[in-house]
1. If you take the Cα atoms of the range 466-596, find Rg, then find the Kirkwood Rh from the mean of 1/r over all pairs, what is Rg/Rh?
2. Quick one: which of K202/K264; K38/K485; K264/K360 span more than 29 angstrom between C-alpha atoms?
3. Provide, for q = 0.10 Å⁻¹, the log10 of I(q)/I(0) from a solvent-free Debye sum over equal Cα point scatterers in the range 151-272.
4. Dividing the convex hull volume of the Cα atoms of the range 9-210 by its residue count, what figure in Å³ per residue is obtained?
5. Quick test of the membrane-span-like rule: which DSSP H helices of the chain reach at least 24 Å along their long axis (C-alpha atoms) with mean Kyte hydropathy at least -0.5?
6. Let a ≥ b ≥ c be the square roots of the eigenvalues of the Cα gyration tensor of the range 1-98; is it rounded (a/c under 1.5), or, if not, prolate (a/b larger than b/c) or oblate?
7. What is the local net charge at V188, summed over the other residues whose Cβ is closer than 12 Å to its Cβ (Lys, Arg +1; Asp, Glu -1)?
8. Determine, for V46, V542, V255, the number of other Cβ atoms within 10 Å of each Cβ, and report the residues in order from fewest to most.
Amino acid sequence: MESGTVSAAELSTGSRTMADLVVLAAEKHRQRTAIKHKVGDRWVDVTYDELADTVKRAALGLIDLGIEPGEKVAILSNTRPEWTYANFGTLGAGAVTVSIYQTNSPQECHYVLHHSESRAVFVEDLEQLEKIRAIRDELPNLEFVIVFEPPEGGADDAIAFSELCERGARLDEARYHERVESVSRDDVCLYIYTSGTTGPPKACILTHGNYRDVTTMTESQGTIAGDELIYLFLPLAHAFALLIQFVSFDLGSAVAYWEKDTQKIVPNLMELHPTYFPSVPRIFEKIYTLATSNAPDREALDRAVRLGLEVRLADARGEEVPSEKRAAFEKADQELFSNVRNLFGGRLKQAVSGAAPIAKEILEFFYACGVPVMEGYGMTETSTVASANTLEDFRFGSVGKPLPGVEAKIADDGELLLRGPNIFKGYFKNEEATRETLEDGWLHTGDLGRIDEDGFIYITGRKKDIIITAGGKNITPANLENSLKQSRWISQAVVLGDRRPYLVALITLDPEEIPAFAQMHGLEPDQVRDSEQMRAEIQKAVDKVNSEVGRVEQIKKFKILPHDLSQETGELTPTMKVKRNVVAEKFAADVEALYAS
């Protein structure tokens, strides 16, 4: 199928809910590839027919275990085919999927399983199974544990996924279709727990209607066509990845899953040649560093980017480009831009950045290189997305226009409010938080923003993250942090200074760049952090940021932390957002020292 000749409406399965999506996708797309995944050294294809068959057997297996409509079934696993089979199998059984991040600790898993009253949980392997074993005695509602990769010799306390499917294969197929047909738009589809950057996670109640509507809205934007190959490393436990997969399966595209190793993302992209790449800012920042760090002449690089941006924007507007400028552009394309495109596999039509802010300069760089990265905005509470830039209608620095059917306005205090069919139904077991967040159908996002005369939304900060200095100046730290992270050597930056006389920054070094820095300066890798040479480089990055802002917004002091921030140490969410309160608390002594010295 050619995306230019077939509309999204024609490609869509026309499903009523997410429960019947896979059934209808198999009828419509049959032998097209639904999933690609790595087995050993080989990429293996799963067709839509094969996907639907496994989902049906998994659903019937759950029915055989006694899972009833509306009961909760959790999934604790990396992004992989079995996650998808378990999810659609759960929905096909009329049950509710509860997603758990694979990086969660046993205590965090306990919170989600206990709070959601999950009756069954799918786990990936022995590592995840051990987490459940550590807490199972404290979970009276949890009856069944189903493991995708059983430990050698099996497990007495868990059912192998293959065994679940075998049980399902023995049941009458009609029972599956009865369950699928019984699911309505108003039924709960998913409980997705917020990342918890500001406290304990809250369970967002998302219905089948929420996700069917947001799927249709996304398709109407033309973001994904029916002939795409989408590379997915994002956790399927997160709303962003789930929506991409719902849209992909609805339109008959193929989704390729990563190899569970961040070091393999770029090699996977170069190997698979995807056409669509949804990601988070941290990955684009890494690739930006990879593409620019060895440039011999930074001024020449900046000139090339400005030229690329000018020519591509003129082409998009259908304007004439002078032949001399076109020739210079083609030379830059051959020497630089094509190499950047090849890092993404050379075939990418579009990438999308979400979950956190991204620096405008990075978006402009990639666009100049022929890799359009479109920024969007949403929350779990908006069933993933509420606004997006498109290839035909975008502005760098904005998060695009509201999706069709979504209303946006700015409250008197500057907070962005949203309303539409994609807005969640509330927080499970938390009426107070629901009342605070939903008022008269309007979602209070917690983000500060503005809407320009053409309807583009700009996020200017987060209400709870705004720094109010001792002098009463309101400062958005994200802008300063994004600028700092453009340095090759900086991985994370956290700017602090609430109720203080000036701003300070906690800096972490990019562990992948430390060996290169050590070699350049004749140091051992473990000497880099405390070296005068590295301190001088960070000071240079701070000075550059300070030169672009007023005096009151300048960073006066910084501290290089001993290790990078991570999910494992509790400082990052699974989508790589910084938990500012955790960082501030964990490194409080370092912050005090910056003000005391």
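1. Answer for the range 466-596: 0.96.
2. Table pairs above 29 Å Cα-Cα are K202/K264; K38/K485.
3. Log10 I(q)/I(0), no solvent term: -0.50.
4. Once divided by residue count, the hull of the range 9-210 is 136 Å³.
5. 48-65, 298-317
6. oblate
7. Counting the neighbours of V188, the net charge comes to 0.
8. Ranked by crowding around the Cβ, least crowded first: V46, V542, V255.
Every number here is computed from the coordinates shown, using simple stated rules; none is lab data. None of these values were measured; they are calculated from a predicted model. Counting neighbours? That spans all protein chains shown, and the Cβs are built from the backbone with ideal geometry, glycine included.
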